[in-house]
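Worksheet: one structure, shown below.
Read the figures in this text as sums done on the coordinates, not as results from a lab. Because the structure is a prediction, the values reported are computed rather than measured. Every residue, glycine as well, gets a Cβ built from its backbone with ideal geometry; the counts of neighbours run over all protein chains shown.
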Amino acid sequence: MGLTKALRFGWVGALGLMLGCGGVEEPGAEASLGEGSTDSKVTAPAPSLEAAPTLTLHDGRTVQATPPPAPPPIMFQPGFHQALRENTYAGSLTTYRMRIPMGRAGSRVRVTFRSGDGAMTLQRATVAKAGANGALASAPVALTFNGHAGFTANARALVTSDPVDFPVGFQDEVAISFEAKGDIAASLIQAFPGSYSRSGSYATTQGALGGQTWEYALGVATVDVEGTPGRAFVTIGDSITEGYIDTRNDTRNAWPFLVQKSLGLPVANSGVSGQGFWDANLQLPQEVLAMQGFTDCIVLLGTNDLASEGITVEKLEQRMTQLFDQLQPRCRLWVSTLLPKEKTNYGDYEVVKSQRVEFNAWLRTQTRAEVIDLEAVMRQPGNVHLFLDGLEVDQIHPSMEGHRVMAAEVVRVLKAKGGL
């Protein structure tokens, strides 16, 4: 891949991306055909070349006029994303209905599912506009996988549906219902209110699903939306990015979603609670690089690495550099300083403090990524290790107000430095 910091939106670039779209499976993972399949490929229409008209000037000479610009191409870009590291096991066929907010408008969608630690069988899946109490606000539209209603996939596979006509607007909430059994990938925290599960086959049920509330992200890794290409962001981080505030959360309160809402652009959230640099670098190919069409990457990572055994500031710098090396061929890089940390759940707190200050100093001077200094807007003026009053919930994680402050600063910097 060429080293580009931003997506160029000529038809040639769009064609290349569209030819490469579809699900990506981790090495060794397979999805079977027959009852199921792997993801489908989408081919861009060949661009038409319009001949320039001949114009006759007032003196009788003729010239070739400049042809009108071609209309912008359309392409798939992420409208939703969730990294799914945990595992849920369904011993019998169960219907899950996830309520998902969309960050992109367009006319068609495709959905990428992820299996868990073992084999997963998806029998049927639909997409519809989300209604109240688990009901659907529109008729469910069936998803297919290489023309089949479902699939069986081995552990940790990504399987992408065929594109389906389903117009969505920016900030629309959709309901993705799927009937599955076996090992299904899941998130660590509950952050999707309005989602449900019910034993049995109910993916086409338009009324309230019933069953029980299910607020973990489950199975659905990415929803791509086809529309006019534009800037599309992905955020990489830990629980601070995923949106942990309490035992039950709402992804719509997390700073990436608030940035998305403010900018009117997709901001895919690939934060994972508990994540550090080692697992971020390991999982990046499947969780982030497997997506198509993102243009910018925002990294807020390192809090969980502070004072870990064998970790020095030099090691933190090295691992951040490894992350940049993987990301830079695909996106423009943005990086945030680490937030204040008023306590530590492991390691020596004095080491945590000194490493964080030194690592933030390095982040501010490195030149690979544009810096978003979130520490500066979250810390007390007289103490770099303390949050401003009201911006934290447990001395480590931001409060809802903290997420609003973070989002406002990210938006300010992106507009100032990102050409938005």
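At-a-glance table
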read-out: For segment 79-226, fraction of C-alpha pairs farther apart than 17 Å, in %; value: 55
read-out: Value in Å of the Kirkwood radius, where segment 111-196 supplies the Cα pairs that are averaged; value: 13.8
read-out: Segment 336-420 - charge dipole about Cα centre, Lys and Arg +1 at Cβ, Asp and Glu -1, debye rounded to 20; value: 380
read-out: Surrounding net charge for T126, when Lys and Arg each add one and Asp and Glu each subtract one, Cβ distance under 10 Å; value: +1
read-out: Formal net charge of residues neighbouring I372 (Cβ-Cβ distance under 11 Å; K, R +1; D, E -1); value: -1
read-out: Volume per residue that the Cα convex hull of segment 371-420 spans, once the total is divided by residue count, Å³; value: 72
read-out: Reach of K181 by Cα under 13 Å, taken over aspartates and glutamates that are not fewer than 8 positions away in the same chain; value: D117
read-out: Candidate aspartates and glutamates - alpha carbon under 12 Å from K129, same-chain residues fewer than 8 apart omitted; value: D172, E173
read-out: Evaluated over segment 230-420, the Cα radius of gyration and Dmax, each in Å; value: 15.3, 45
read-out: Computed over segment 340-400, Cα set: Rg, Dmax in Å; value: 12.2, 33
read-out: Per-residue Cβ neighbour rank within 10 angstrom, fewest leading, C331, C297; value: C331, C297
read-out: Likely footprinting exposure, R379, R364, fewest C-beta neighbours within 10 Å first; value: R364, R379
read-out: Surrounding net charge for N269, when Lys and Arg each add one and Asp and Glu each subtract one, Cβ distance under 13 Å; value: -2
read-out: When each of K315/K353; K261/K343; K315/K417; K261/K353; K341/K415 is checked by Cα-Cα distance, pairs over 22 Å; value: K261/K343; K315/K417; K261/K353; K341/K415
